[in-house]
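One structure is given below, encoded as structure tokens.
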Amino acid sequence: MTSYVKCATALVAAGCLAGQGAFAAMPTEIGPGEGQVDIVAWPGYIERGETDPAFDWVTKFEAATGCKVNVKTANTSDEMVALMNEGGFDLVTASGDASLRLVAGKRVQPINIDLIPSWSTIDDRLKEAPWHTVGGVHYGVPYMWGPNVLMFNTEAFGDSPPTSWNVVFEEMVLPDGKSNVGRVQAYDGPIHIADAANYLMYHRPELGITSPYELNQEQYDAALDLLRQQRKLVARYWHDAFIQIDDFKNEGIVASGSWPFQVNLLKADGAPVDSVIPVEGATGWADTTMMHVDAAHPNCAYMWMEHTLSSNLQSDLSVWFGAVPSVPAACSDGRGMQTPEGCTANGLDDFDKIRFWQTPVSACASQGECVPYYRWVSDYIGVIGGR
């Protein structure tokens with residue numbers, strides 16, 4: 001283990017945030033790889049050509065570094081946090097509703113960006129993002145970002161594609177003449193409360209919601225009431241991307257919040273689906289590769305973090321997942337499959353319209369006191385259970 005990793009581990013374990021003085025003794029090189037790197041990742045984020053031979057950004061990395069990449073997929077941010085709390089992993093591709101929990105819980109360590117040669121290529125909007133930067137200290141390397149889209153069945157909606165999230169929140173007859181009851185899905189995670197709050201920001205401005213992640217008790221109660229109404233419509237709460245894909249193919253589901261990943265795979269398979277960011281806007285995710293405080297393979301971990309910023313990986317992953325690269329050049333330099341038009345379609349120009357996932361806290365910036373995340377967890381379980 002390098003002297004830097006030891007230093008950073010000690011700082012985090014002590015509950016401190018690394019100050020400027022901590023960076024003085026950081027090494028400028030990473031030592032030989034330890035033979036493997038163990039990563040917790042969202043489905044589809046780390047491909048070795050097994051799903052589709054055209055998408056493989058692992059095999060050459062393993063050959064070049066001697067670091068075998070082991071991946072444990074997780075379907076929710078809560079699952080990622082739980083796995084990192086258990087330990088035994090080096091890295092995690094954490095979304096904004098998990099990243100600060102991992103920092104506060106002292107499960108991840110500061111990153112020496114001087115050991116990431118490609119750091120300068122990262123989108124300037126992401127370099128100091130608050131979901132991975134605390135007190136000027138970076139706790140990860142930006143990976144991908146994108147919106148939570150409304151996926152819909154084009155046959156059910158015909159010539160009237162949805163323009164609002166109301167098709168998954170309000171009971172109605174859809175353009176095919178059938179009710180939406182039992183034909184829609186919702187995300188199986190407490191962060192879905194933010195989708196309800198985002199909907200209310202547009203339709204009930206009198207509530208005064210300014211951030212879907214910063215809700216006082218009245219705003220929070222309104223979001224829960226909307227979710228209880230949605231409960232009567234939902235056929236399944238989804239968290240597994242591949243089960244949702246099957247539900248759209250075989251179980252009559254016609255509308256749901258989703259990720260571009262599912263949309264792309266369904267389209268590639270010829271399924272009648274499309275997606276849209278509705279008039280209310282959308283929540284979204286900006287994911288960061290973060291290193292466990294007790295990472296057993298820090299050298300391989302640093303090699304992997306640098307590898308993730310290569311423009312050909314960023315480009316191909318952007319095509320595969322339907323996301324936007326954290327390295328803007330990956331959209332246009334021709335080293336991978338992505339094109340400027342593809343990045344635009346994935347949301348490149350929508351950055352300021354997306355309300356990126358954050359961890360709700362009690363001491364919130366917008367109004368002083370808000371409902372914290374632990375309440376979101378218990379109350380959302382109640383909503384799903386019909387309470």
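The values are calculated or read from the model by the stated rules, or taken from the named source; none is laboratory data. All figures in this text were calculated on a predicted structure; none of them were measured in a lab. Here Cβ is always computed from backbone atoms with ideal geometry, including for glycine, and neighbour counts include all displayed protein chains. The area values use the complete protein model at the heavy-atom level, side chains included, leaving out ligands, DNA and RNA. Shrake-Rupley method; radii C 1.70, N 1.55, O 1.52, S 1.80 Å.
Checking each residue in the stretch 330-361 for being part of a helix (DSSP H, G or I) and open to solvent by 60 Å² or more (accessible area, probe 1.4 Å) picks out P340, E341, T344, A345, D349, D352, K353.
The one condition from (1) farther than 14 Å from T289 by Cα; (2) touching a Pro at 6+ places or on another chain (Cβ under 9 Å); (3) open to solvent by 40 Å² or more (accessible area, probe 1.4 Å) that N75 does not meet is (3). Residues of the stretch 302-323 include at least one that is hydroxyl-bearing (S, T, Y) and either exposed (fewer than 15 other Cβ atoms within 10 Å of the Cβ) or without any contact (Cβ under 8 Å) to a residue 40 or more places away in the chain (or both).
Restricting K249, K267, K232 to residues that are open to solvent by 10 Å² or more (accessible area, probe 1.4 Å), out of contact with any Ser or Thr (no Cβ under 7 Å at 6 or more places or on another chain), of a type in the set (D, E, K, R) and under 16 Å from G322 (Cα atoms) narrows the list to K267.
Is it true that A296 is in a helix (DSSP H, G or I), surrounded by fewer than 24 Cβ atoms within 10 Å (Cβ to Cβ), more than 20 Å from the chain's Cα centre (by Cα) and of a type in the set (A, V, I, L, M)? When the stated conditions are applied, A296 does not pass them.
Just one of the listed residues (V276, V327) is over 23 Å from F152 (Cβ atoms) and in contact with a Leu (Cβ under 6 Å, 6 or more places away or on another chain), namely V327. Can we say C364 is open to solvent by less than 30 Å² (accessible area, probe 1.4 Å), closer than 19 Å to H132 by Cα, in contact with a Cys (Cβ under 7 Å, 6 or more places away or on another chain) and touching a residue at least 24 places away in the same chain (Cβ under 8 Å)? So C364 fits the description; yes. Filtered by the rule that a residue be without any contact (Cβ under 8 Å) to a residue 24 or more places away in the chain and either under 21 Å from the mean Cα position of the chain (by Cα) or open to solvent by 60 Å² or more (accessible area, probe 1.4 Å) (or both), the stretch 178-212 gives K178, R204, P205, E206.
Total residues in the stretch 325-344 satisfying the condition of being more than 13 Å from N312 (Cβ to Cβ) and touching a Pro at 6+ places or on another chain (Cβ under 8 Å): the figure is 2. For the stretch 102-132, what are the residues that are in a helix (DSSP H, G or I), closer than 25 Å to C331 by Cα and within 17 Å of the chain's Cα centre (by Cα)? Correct list: R125, L126, K127.
Condition check ((1) of a type in the set (F, W, Y); (2) surrounded by fewer than 18 Cβ atoms within 10 Å (Cβ to Cβ)) across all residues:
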{"residue": "G88", "(1), (2)": "no, yes"}
{"residue": "K106", "(1), (2)": "no, yes"}
{"residue": "I111", "(1), (2)": "no, no"}
{"residue": "W131", "(1), (2)": "yes, no"}
{"residue": "Y143", "(1), (2)": "yes, no"}
